[in-house]
1. Quick one: go through segment 55-95 and flag any residue whose amide nitrogen is under 20 Å from the point 7 Å out along the Cα-to-Cβ line of Ser4.
2. Need the full-extension length gain, Ser73 to Asp11, defined as separation in residues times 0.36 nm minus the C-alpha distance. One decimal, nm.
3. Any chance you could run the full-extension gain for Arg23 through Trp51? It's 0.36 nm times the residue separation minus the Cα-Cα distance, nm to one decimal.
4. How large is the charge dipole for segment 2-149, taken about the Cα centre, if only the Cβ atoms of Lys, Arg (+1) and Asp, Glu (-1) carry charge, to the nearest 20 debye?
5. In whole Å, how far is the Cα centre of segment 91-111 from that of segment 1-30?
6. Pick out, in residue order, every one of the trypsin sites (Lys or Arg not before Pro) in segment 15-69 that is DSSP loop and has at most 11 other C-beta atoms within 10 Å; say none if there are none.
7. Among Met83, Leu102, Trp51, flag the residue with its Cα farthest along the positive direction of the charge dipole of the chain, charges on Cβ as +1 for Lys/Arg and -1 for Asp/Glu.
8. Which one of Ala113, Ala152, Val62 has its Cα pushed farthest toward the positive end of the charge dipole of the chain, where Lys and Arg give +1 and Asp and Glu give -1 at the Cβ?
Amino acid sequence: MIFSSPDPACDPSFAGALLRLQRTAYAMEAELIGDDRIPPLQQDEVDLTAWRGRWLTAWDGVDLVGAIAWWESDEQVEIEKVMVSPSAMRRGIASALLGQVLDRSRGREVVVATGRANTPAVSLYAKHGFRADGDEEVPPGIWITRLRRFPAPW
């Protein structure tokens, strides 16, 4: 597996591939939570390329198989998206991407949210030391679980 940190705003071809990955990955989450109104399924290429956070992608040869997106400040890292191609599930790609971001967090708190009924994602975050920080209904009828990982004491 090859990791890279491209900017979708600089490469329309990559942006298209990333949007296709996002739609297929989040369609699976929509199935798990029983609602397709989740924000990543509403985005188009303009929305995707306008987002100015950081990206890390996973490639199997020339195939884009996973991606993670996050914001960071001096105090906190906020994971915005984690996505894996359905054809590449159960190969440790999400765990590897998450691990890369956690390694880069350098003692900062890391937060993420996922669909409350997305058991595989909640389990992935728990495996990496995240703890549930509460549930929230956004928008009405869609429940998310917010998770937090505190930095290790030095």
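Read the figures in this text as sums done on the coordinates, not as results from a lab. What you see is a predicted model, and the numbers here were worked out from it, not measured in a lab. Heads up, the Cβs are rebuilt from the backbone with ideal geometry, glycines too, and the neighbour counts pull from every protein chain shown.
1. 55-70, 82-88, 93-94
2. Details: separation 62, 0.36 × 62 = 22.32 nm, distance 2.56 nm.
Contour length minus the Cα-Cα distance gives 19.8 nm.
3. Gain on stretching Arg23 to Trp51: 8.5 nm.
4. Around 520 debye, computed over segment 2-149.
5. Cα centres, segment 91-111 to segment 1-30: 18 Å.
6. Details: sites: Arg20, Arg23, Arg37, Arg52, Arg54; in loops: Arg37, Arg52.
Those satisfying the criteria are Arg52.
7. Projecting each Cα onto the dipole axis, the largest value belongs to Leu102.
8. Farthest along the dipole direction, towards plus: Ala152.
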